[in-house]
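What follows is a single structure, written as structure tokens, with notes after it.
Every read-out reported here was derived from the displayed coordinates using simple, explicitly stated rules and does not represent laboratory data. Everything numeric here is computed off the predicted structure, so don't read it as measured data. Methodologically, a virtual Cβ is constructed for each residue, glycine included, from the backbone with ideal geometry; neighbour enumeration extends over all protein chains shown.
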Amino acid sequence: MKSQEIRTKFLEFYKSKQHEIVPSAPMVLKNDPTLMFTNSGMAPFKEYFLGNATPKSTRISDSQKCLRVSGKHNDLEEVGYDTYHHTMFEMLGNWSFGDYFKKEAIAWAWELLTEVYKIPKDILYVTVFEGDEKDGTKMDQEAYDIWKEYISEDRILMGNKKDNFWEMGDQGPCGPCSEIHVDIRSEEEKNKVDGKSLVNEDHPQVVEIWNLVFMQFNRKANGSLEELPAKHIDTGMGFERLCMVLQGVQSNYDTDVFTPLIREIETITGIEYGKDEKIDIAIRVIADHVRAVSFAIADGQLPSNNGAGYVIRRILRRAIRYGFTFLNKKEPFIYKLAETLSHQMGDAFPEIRKQDTLVHNVIKEEEQSFLRTLDQGLLLLDKVIEGTKGKEVSGKKAFELYDTYGFPLDLTQLIAREKGYEINEEEFKAGMKAQKDRSRAASASETGDWVVLIEDETEEFVGYDALQVDVKLTRYRKVTTKKDGDQYQLVFNMTPFYPEGGGQVGDKGYLETSNGDIIYILDTKKENNVIIHFAKNLPKNLNETFKAVVNDEFRNLSASNHTATHLLHQALRTILGTHVEQKGSLVSPDYLRFDFSHFSKVDKDQLAEIEEFVNARIRENLPLEEKRNIPMQQAIDEGAIALFGEKYGDSVRAIRFGQSMELCGGTHVQQTGDIWYFKIKSEGAVAAGIRRIEAITNVAVGEYFENVERNFSEVKALLKNPKDVAKSVSSLQDENAALKKQIEQLLKDKAKNMKGDLKNQITEINGVNFLATKVDLDQGSIKNIMFELGGEVDNLFVLFATAPSNEKAMLTCYISKDLANEKGYDAGKVVRELGKLIHGGGGGQNFFATAGGKNPGGIPKALERAKDYIV
């Protein structure tokens, strides 16, 4: 059974059980501070489990893209070394939100596996939670009794909290679970060892295939458990493992999920898979990692130096390193796999096909960059090894290579061993620990549990229509960070404050109490569908009604910039082409930043045209046309653009200004004339195929023009207030160019006149014609004189010193090539050592070198010591 058919059968089965089939959510998470990536099938539905939102159906099924490379669920180090762990994987799942529970979940799972997929019952085992004394939870007798209806009791095994109590993180929804394991060993192996003894023992052929989670608790910040408002079902089946079982192979990498990629790697490298274990590991790592990186890019996360982007870069660099070391690939090649992946998975996940050009270009640029880094690292490592006494290389130096150049320890160890050296791992680990400790200290935070004052399920946003409203505090919690100290997170029954999202920063403002006290709202964010307001203090009376007031200037300027991004997007697609897609944005009161797909620099004329296009729409004073809570498909059919990497619900908000129409939850001006004017400040590259425009509107444009006018007036005054400033500046430039030519000629004449005097100052010392003196010439003239003298005088050694300013000194040394090449004289060594006397340094070739320093007072001593080099 092919993988596409396996996925289809799963979804069709649950559709027959009245489940709504939904597309995979993006793998990159937004608005959830506890997770960078979707690490399980349930992550996109977290708000439903917490009771913060209501799903359109109480039964849902999908195949969700997941990534596990950081935090509690981290499989990175196992990837490639075993045959069943992955970074990016698909999780087939079915969910019940307060609908069915254990009985139906177990029955349907068994039906699908044994009757639809025809997996033999005698190779399956199930586990049941045994309870945990610390948590005060009991053995899951209900699940045990249900399983007895389908499988013999000797195949029902007890599982501890680690294996059979599922938690997404340190806090949040959780509950006991039943795992289904499959034993695909040969009959001979089964006769030797009972399969039940291998369950959850990391055996490559006795693996967990499906986890049925009975979601009934919420883990609080203090570690305690509380019952969720309703009981839910969350199941997750590893798609790749299921394919392994149904395709009768012993490894996930032998399924048609991975074989197209592996075949392409074989074609590109000319190396056959299955002949050498180290090479096989490298090929598996690359095949796995290119999937994770490609889907992350397609979902909106580019490699970068921090946060989620750093994780993606780390995965890609790990793949590059394996190709470099074990497949001998010194040139980029992983990017070529993007086409195979797009062809293979584009039907199930259209985003990978739509973004294949972007994926291709970003990976190629990252490969080129890191391969250069590897070369640099190799040179540095050679120097470290050369300076090592004994056979143990400093782990501190190895950590510096890792920290500065991303040079992995295992590659450092491999190269060192080839040269007969070992790395001090303890020193490396100490450096790594110190770095992690610094990072933890910088980002350490302590979040308390919510204190619930009022049970309110709506907690609605009313900020599109009002900037001031009376509110009640429904819950709050205390958060302590090293950076901000103690803060409070407040939630109200309704709020006019817009939470950060869609690129727009969160609102600021204040709460006013009944007695006139002010509580400042410092920021507003959204977490799991809850709008959270950040404040330094709590109101004294938590139960009163407060007046919530948004800073209207902050909001209006943000709205002006947000509407401008929509008009800019329209302009880019009109002028550059419809291939342009938004890839990210920042909307603040001060400026806007807009990232978009385009594969060449936007030239000056195009920028002017884009700017004029937006300003034309502003002059038209187009009114805001807004549709709220309309079906997403209706909005798309009407021409709305869905933005890159965003997760949309079934009902959306569409914003239109003239011909510009986008799905957007942000705030906007009532008519485009409110923007006043749009001005592009800069355009440049962000990554391969991604450009960035930064621009300003409204008040910032006024300030910009005032500054331009002020600078222009100052220039005009310096030019004695000419009628035609441009003509005056042009004339000044012509005059300056003419004067420069005169100066150059004068310097040449001066140098020519000086050459005879300098030649007369040369003295012979030990057969060397020597001259060391201070001169008043520019560097170009000094070089010319030295080489001219060298052509006229044999065995010449010259050191010239200059002091261009009171804080700068220069030394220049020339040595005839016969002295340098035949007698070992070295001008570079001379200036490096004498440069210390002028508090500087330099270098060059053995016949010509320069040094600069900041101590002109050291020149006399340097000239005096020059004779020491004549032997």
- Message: Please list, ordered by chain and number, the residues whose modelled amide H lies under 5 Å from the amide H of Lys681; skip anything fewer than 5 residues away on the same chain.
- Response: Glu694, Ala695, Ile696
- HN-Hα couplings for the stretch 92-100 via Karplus (6.51, -1.76, 1.60; θ = phi - 60°), in whole Hz with x for Gly/Pro, come out as 6, x, 9, 10, 10, 9, x, 9, 6
- Work out the FRET efficiency for Glu764 and Leu732 from their Cβ-Cβ distance, taking R0 = 51 Å, and round it to the nearest 0.05. 0.50
- Can you tell which of Ala726, Leu739, Tyr84 lies farthest toward the positive end of the dipole of the chain, using +1 and -1 charges on the Cβ of basic and acidic side chains (Lys, Arg; Asp, Glu)? Leu739
- Positive-pole candidate from Leu409, Thr480, Gly501, dipole of the stretch 355-507, charges at beta carbon: Leu409
- Query: In terms of modelled amide H atoms, which long-range or inter-chain residues lie less than 5 Å from the amide H of Gly509?
  - Reply: Ile521, Asn551
- Roughly how big is the chain's charge dipole about its Cα centre, with Cβ charges of +1 (Lys, Arg) and -1 (Asp, Glu), in debye to the nearest 20? 3020
- Query: Where a Cα-Cα gap under 24 Å defines reach, which lysines qualify for Lys118, not counting those fewer than 8 residues away within the same chain?
  - Reply: Lys2, Lys9, Lys15, Lys17, Lys102, Lys103, Lys148, Lys190, Lys196
- Message: Can you tell me, using C-alpha contacts under 8 Å and at least 6 residues apart, the relative contact order of the stretch 3-257 as a whole percent?
- Response: 20
- Just tell me which lysines come within less than 26 Å, Cα to Cα, of Lys383; anything on the same chain fewer than 8 places away is out. Lys329, Lys330, Lys391, Lys396, Lys397, Lys419, Lys429, Lys433, Lys829, Lys836
- Note, the stretch 235-246: 3J(HN,Hα) by Karplus (6.51, -1.76, 1.60, θ = phi - 60°), whole Hz, Gly/Pro = x, goes 10, x, 10, x, 4, 5, 5, 4, 4, 4, 5, 6
- Measure out, as a whole number of angstrom, how far apart the alpha-carbon centroids of the stretch 470-486 and the stretch 699-754 sit. 56
- Message: For Val469, Val199, Val775, which order do you get if you count the other beta carbons within 10 Å of each Cβ and list the fewest first?
- Response: Val775, Val469, Val199
- Task: Write out the trypsin sites (Lys or Arg not before Pro) in the stretch 256-329 meeting two conditions: DSSP loop, and at most 12 other Cβ atoms within 10 Å of their Cβ.
- Result: Lys275
- Quick one: if the Förster radius is 41 Å, what FRET efficiency do Asn160 and Lys330 give, using the C-beta to C-beta distance and rounding to 0.05? 0.30
- How much length, in nm to one decimal, is gained on full extension between Gln435 and Tyr310, taken as 0.36 nm per residue of separation minus their Cα-Cα distance? 43.5 nm
- Tell me which residues come under 5 Å, amide H to amide H, from Ile690 once H is placed; ignore anything under 5 positions away on its chain. His598
- Note on the structure: In degrees rounded to 10, the 0-90 angle between helix 395-405 Cα long axis and the longest Cα principal axis of the chain is 90
- So what are the ³J(HN,Hα) numbers for the stretch 204-209, from phi and the Karplus equation (6.51, -1.76, 1.60; θ = phi - 60°), rounded to whole Hz, Gly and Pro as x? x, 10, 10, 10, 5, 10
- Message: Can you show me the helix-derived [θ] at 222 nm for the chain, built from DSSP H runs with n ≥ 4 at -39,500 (n - 2.57) apiece and divided by the number of residues, rounded to the nearest 500.
- Response: -12000 deg cm²/dmol
- Item | Label-point separation in nm, Lys396 to Asp486, each point 7 Å along Cα→Cβ | 4.1
- Message: Among Asn200, Tyr335, Tyr648, which residue has its Cα furthest toward the positive end of the charge dipole of the chain, with +1 on Lys/Arg Cβ and -1 on Asp/Glu Cβ?
- Response: Tyr335
- Message: Taking Cα Rg over 2.2 N^0.38 Å straight from the coordinates, which label in (i) 1.07; (ii) 1.20; (iii) 1.42 is the correct one?
- Response: (ii)
- Please state the charge dipole magnitude for the stretch 446-550, taken about the Cα centre, from unit charges on C-beta atoms (+1 on K and R, -1 on D and E), reported in debye and rounded to the nearest 20. 400
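Does the stretch 446-550 come out rounded, prolate or oblate, given a ≥ b ≥ c as the square roots of the eigenvalues of its C-alpha gyration tensor, rounded meaning a/c under 1.5 and, failing that, prolate meaning a/b above b/c? Each step should come with its number before you reach the end.
Numbers: a/c = 1.27, a/b = 1.06, b/c = 1.20.
Judged from the Cα gyration tensor, the stretch 446-550 comes out rounded (a/c under 1.5).
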- Here the gain from full extension of Asp410 to Asp776, 0.36 nm per residue of separation minus their alpha-carbon distance, amounts to 126.3 nm
- Query: So which trypsin sites (Lys or Arg not before Pro) in the stretch 493-558 are both in a DSSP loop and have at most 12 other Cβ atoms within 10 Å of their Cβ?
  - Reply: Lys540
- Total lysine pairs under 21 Å (Cα atoms) in the stretch 446-550, excluding pairs fewer than 8 apart on one chain: 27
- Check: the stretch 564-705 dipole with +1 on Lys, Arg Cβ and -1 on Asp, Glu Cβ, in debye: 200
- Item | Alpha carbon centroid spacing (whole Å) that separates the stretch 628-662 from the stretch 786-828 | 72
- Once the Cα atoms of helix 425-443 and of the chain are each reduced to a long axis, what angle between those two axes, in degrees from 0 to 90 to the nearest 10, is obtained? 70
- Item | Rounded tilt (10° steps) of 409-418 against the dominant C-alpha axis of the chain | 60
- Query: Of Lys750/Lys808; Lys56/Lys647; Lys354/Lys583; Lys354/Lys647, which sit over 19 Å apart, Cα to Cα?
  - Reply: Lys750/Lys808
